[in-house]
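To start, the structure itself, in structure tokens.
The values are calculated or read from the model by the stated rules, or taken from the named source; none is laboratory data. Keep in mind the model is a prediction, meaning the values are calculated, not measured. Positions of Cβ are backbone-derived with ideal geometry, glycine not excepted, and every protein chain shown enters the neighbour counts. These accessible areas exclude ligands, DNA and RNA; they are computed on the full protein's heavy atoms, side chains included. Shrake-Rupley method; radii C 1.70, N 1.55, O 1.52, S 1.80 Å.
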Protein chains: 2
Amino acid sequence: MREVAIIGIGQTKVEEQWDKSLRELAGDAALAAFEDSGQTSVDAIYVGNMMSGSANSQLHLGTYIADWVGMRYREAAHIEAACSSAAAAFRSAVLAVASGDVNCALAVGVEKMTDSPSGEITAQLATAADADYELDMGVSFVALNALIMKRYMHEFGWQHEHFAPFSINAHANGVNNPNARFQSPITKETYLRAPVVAEPINIMDASPMGDGAAAAMVVSLDFARYLGVKSVQVVGSAAATDSIAIHHREDPLTLSAAVTSARQAYSQAGITPADIDFFELHDAFTIMSALSLEAAGFAERGKGPTMALDGDITLTGKLPVSTLGGLKARGHPVGATGLYQIVEAVLQMRGQAGKSQLERTRYGMTQNIGGSGSNIITHIFKSL
Amino acid sequence: MREVAIIGIGQTKVEEQWDKSLRELAGDAALAAFEDSGQTSVDAIYVGNMMSGSANSQLHLGTYIADWVGMRYREAAHIEAACSSAAAAFRSAVLAVASGDVNCALAVGVEKMTDSPSGEITAQLATAADADYELDMGVSFVALNALIMKRYMHEFGWQHEHFAPFSINAHANGVNNPNARFQSPITKETYLRAPVVAEPINIMDASPMGDGAAAAMVVSLDFARYLGVKSVQVVGSAAATDSIAIHHREDPLTLSAAVTSARQAYSQAGITPADIDFFELHDAFTIMSALSLEAAGFAERGKGPTMALDGDITLTGKLPVSTLGGLKARGHPVGATGLYQIVEAVLQMRGQAGKSQLERTRYGMTQNIGGSGSNIITHIFKSL
């Protein structure tokens, strides 16, 4: 397997982008990655997106975006894995370059959600869950996560307020990110007084939707070195699934797909969790932050919130997470999120994270979760 | 790049499968491929599907199918490239195994179309075209192909009746395929008297929709040889795009994406068109058969129908096409079609094509077209 590296990144601001079409959003991020990398052409484009077929009446996004960014005639495809679509698209780029068949691949994640009525978007997001065994019971996607959180609190004795530091940390870091949807800090009181969405999940536990796109340019490590550009090596890349319906899992409080993909990624990188300097985790809901920390080997089972309460996850803590706002403050345009995480990891490792800049960035990890933990993709990056 | 081979295949009949759910259809094809290959586990599953998000209220098909066929915890993703989704999923499997990161990959294509009202399906199929520049003008997907056919007839002096042999050949071969939706021959009179869909395309020019699934198991060539099972080598695999909107093309009568991907595939295989023994082409419409023969180097520009009129495309002709019925008679469950083509090529090369069995099957080629020629994937297989 050929070693691969990222030589360029691009992103748009996450917000209600009513003046930009789906192709313009994806194009802005893609063209920024072209410019950042110094490349003028690619061999293949992999587009991560969840629900453009219903939200934007447009499928076939590989061709659609390739055409728009001037890469007509090149290979292109659309990759979907619910909210982990963008990491899946990035992994497609990694495997294509690793195979040697493709020399330069662009991964773009894009989602344009705010044009649709919110009820419709809720229904579309729910297609990430099991239509026959979950949705037919009338449950929404937030409600599924609320069931997990409630059980977790019951099982391990946590109160709702103990999840506040995840949200407070994300918002504190989002202040430093000009591309974040929310760039204002919140207090514990804001968190406690926020309106409930699906008990116990309130608005400050849940990440906001948004329109946005992010992109990364992938080449072989040898070519990156030849170019002499500032690049970041992909030293771990792994994906794993779990049952799509939560009630079919052996243990609904363990993200088995995260355990599996993180272990594989550590093994590929030849490191342990102790070597990771920061972790862009998938804080779609605060409960997912806790479960991710546990599944990736940073906290014991049932102890995820302890790390947050102890301040370990802040920019000066032992394991900074959501360093540029995470899903909670940057926003969660679902099919783009995995590439936002990767773009932010690269910014940290290139020393371009502004006021969120960390000191130690030798190894960075990203983890993108699709469905309610049913498809989890872990990447580990190494500074060169 | 590691060499790869197909060690197992599976398919369901194409028909109105009202008694089978989406997961049951995909599962039936996948489990048949497991049994055929003798494998009990895979590392990754790539699911080709176009429109389950709208037609079946279910996305996240990678996880959904992996879970259903007992491959929970393995990697999985859903690949979409409109009507070339299944070939794109197969190519993902090829690249994953070629990279060395994945040792055994299953590609499954599935589409369940007949549960939706036909007007809705027509709208969903149109998401393969350009929503902003084509669909907003009120054109349907068939109408786009009718525009191409009309222009082709005008430009090169063909009459509608000259396209009849494509349809007659497909139906003649479909008689030999127990999985074909239509297993009865048609006459030239049937063709000429068929009701018009979008002039000049009539029902006998157009392939029927259907529900179905097809699958192929991909491993390294070395592993296939070690297993000692009857396998088929993948010697060419290439994908290319064109503009998504037809009117943006330099020449709407040339399938540039087919020219590009076929050339790349020939080059990888180290052969020329003359070496190809049979060609499973994408006869979604008779005009596409003519354009494919030209783009892949078998006929000169504007001369595609000549091959059909001369009998070159029949089972005993110079280049048999649609040997088990093609899209026209087997049926076109869009996101599954590319894998049906591959399954049928493997059947030919293993000598299991029944009354459609060809004598010479050293090299077989498949070509799957997404959109109105905007994403075309060519594979070349070699008998071992």
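For region A:205-280, which whole-number percentage of the solvent-accessible area (1.4 Å probe, protein heavy atoms only) is attributable to carbon and sulfur atoms? Before the final figure, lay out the partial values.
Numbers: 1240 of 2510 Å².
Answer for region A:205-280: carbon and sulfur cover 50 percent of the accessible area.
So if I average 1/r over every pair of distinct C-alpha atoms in the protein assembly as shown and take the inverse, what Kirkwood radius in Å does that give? Spell out each step's value before the answer.
Numbers: mean 1/r = 0.0389 Å⁻¹.
This gives a value of 25.7 Å.
Distance in nm between label sites at A:Glu3 and A:Glu16, each 7 Å beyond Cα in the beta-carbon direction?
The modelled label-to-label distance comes out at 4.8 nm.
Quick one: 3J(HN,Hα) in Hz for region B:106-116, Karplus 6.51/-1.76/1.60 with θ = phi - 60°, rounded, Gly and Pro as x.
These are the phi-based 3J(HN,Hα) values: 10, 9, 10, x, 8, 8, 10, 9, 7, 7, 8 Hz.
Which FRET efficiency value, to the nearest 0.05, is calculated for A:Glu24 and A:Tyr73 with the Förster distance at 30 angstrom and r the Cβ-Cβ distance?
Step by step, r from the Cβ atoms, then E = 0.90.
Could you compute the FRET efficiency for B:Leu358 and B:Arg151, with r as their C-beta to C-beta distance and R0 at 60 Å, rounded to 0.05?
Approximately 0.95, to the nearest 0.05.
Measure out, as a whole number of angstrom, how far apart the alpha-carbon centroids of region B:1-68 and region A:67-85 sit.
When both Cα centres are located, 22 Å separates them.
Could you list which residues have their amide H under 5 Å from that of A:Gln58, counting only those 5 or more apart in sequence or on another chain, with H placed in the peptide plane?
A:Gly53
When each copy gets a label point 7 Å from Cα toward the beta-carbon at B:Leu31, what are the spacings between them in nm, shortest first?
5.1
Considering only protein heavy atoms, with the full assembly of protein chains and a 1.4 angstrom probe, order A:Thr260, B:Thr272 by accessible area, largest first.
Working: A:Thr260 40, B:Thr272 70 Å².
Reading off the accessible areas and sorting them downward yields B:Thr272, A:Thr260.
In region B:29-63, what residues drop by 30 Å² or more in accessible surface going from the chain by itself to the full protein assembly, probe 1.4 Å?
B:Ser57, B:Gln58, B:Leu59, B:His60, B:Thr63
Sort shortest first the distances from A:Asp115 to its counterpart in every other copy, using label points 7 Å along the Cα-to-beta-carbon line, and give them in nm.
2.7
With the label 7 angstrom out along Cα to Cβ, how close does A:Gly297 come to the same site in each of the other copies, in nm, nearest first?
4.9
Could you please state how large a percent of the accessible area of region B:99-144 is carbon and sulfur, counting protein chains only and using a 1.4 Å probe?
53 percent
Tell me, how many Å apart are the Cα centres for region A:116-140 and for region A:90-106?
Distance between centres, Cα-based: 33 Å.
Just to be sure I understand: if you take the accessible area of chain B alone plus chain A alone and subtract the pair, with a 1.4 Å probe, what total do you get in Å², rounded to 100? Numbers along the way, then the final one.
Details: alone 14490 and 14490 Å², together 24430 Å².
Approximately 4500 Å² gets buried when B meets A.
Angle between the Cα long axis of helix A:256-269 and the longest principal axis of chain A, 0 to 90 degrees, nearest 10?
Between the helix axis and the principal axis of chain A, the angle is about 40 degrees.
If you restrict to DSSP beta bridges whose two residues both lie in the protein assembly as shown, what percentage is antiparallel, to the nearest 5? Let's see the in-between values first.
Values: 81 of 111 bridges.
Taking every DSSP beta bridge with both residues in the protein assembly as shown, the antiparallel ones total about 75 percent.
Note down the nm distance, to one decimal, between modelled labels 7 Å out along Cα→Cβ at B:Arg301 and at A:Leu31.
So the label points at B:Arg301 and A:Leu31 sit 3.2 nm apart.
Tilt of helix B:164-174 relative to the longest C-alpha principal axis of chain B, in degrees (0 to 90, nearest 10)?
Here the helix axis deviates by roughly 30 degrees.
Using only Cα atoms, tell me the angle between helix A:85-99 and the longest principal axis of chain A; keep it within 0 to 90° and round to the nearest 10.
Long axis of A:85-99 versus the principal axis of chain A: about 40 degrees.
Rounded to the nearest whole Å², what accessible area per residue is found for region A:176-303 with the 1.4 Å probe? Present the calculation step by step, with values, prior to reporting the outcome.
Numbers: 4780 Å² over 128 residues.
Heavy-atom SASA per residue in region A:176-303 reads 37 Å².
Quick check: with the 1.4 Å probe, what order do A:Glu24, B:Glu300, B:Glu199 take by accessible area, largest first?
Numbers: A:Glu24 65, B:Glu300 135, B:Glu199 110 Å².
Ranked from most to least accessible, the order is B:Glu300, B:Glu199, A:Glu24.
For a 21 Å ceiling on Cα separation, which of these pairs sit above it: B:Lys13/B:Lys112; B:Lys188/B:Lys328; A:Lys13/A:Lys230; A:Lys318/A:Lys355; A:Lys303/A:Lys355; B:Lys13/B:Lys328?
Going by Cα-Cα distance, A:Lys13/A:Lys230; A:Lys303/A:Lys355 fall outside the 21 Å limit.
For labels at A:Thr272 and B:Leu192 in the simple 7 Å Cα→Cβ model, what's the distance in nm?
The answer from the label model is 8.2 nm.
May I ask you to derive the relative contact order of region A:99-236, considering only C-alpha pairs under 8 Å and at least 6 residues apart, and to give it as an integer percent? Let's see the in-between values first.
Values: 116 pairs, mean separation 51.6, N = 138.
Answer for region A:99-236 is 37 percent.
What's the magnitude of the charge dipole for region A:199-272 around its Cα centre, counting Lys and Arg as +1 and Asp and Glu as -1 at the beta-carbon? Answer in Debye, nearest 20. Present the calculation step by step, with values, prior to reporting the outcome.
Details: 4 positive and 7 negative charges, 97 e Å.
Using only the charged Cβ atoms, the result is roughly 460 debye.
If I ignore ligands, DNA and RNA and count only protein heavy atoms, how much of B:Asp19 is accessible to a 1.4 Å probe, in Å² to the nearest 10?
B:Asp19 has an accessible surface of roughly 120 Å² with all protein chains in place.
Calculate how many DSSP beta bridges within chain B are antiparallel, expressed in % of all such bridges and rounded to the nearest 5. Please report the intermediate quantities before stating the final value.
Working: 39 of 54 bridges.
In chain B, DSSP labels about 70 percent of beta bridges as antiparallel.
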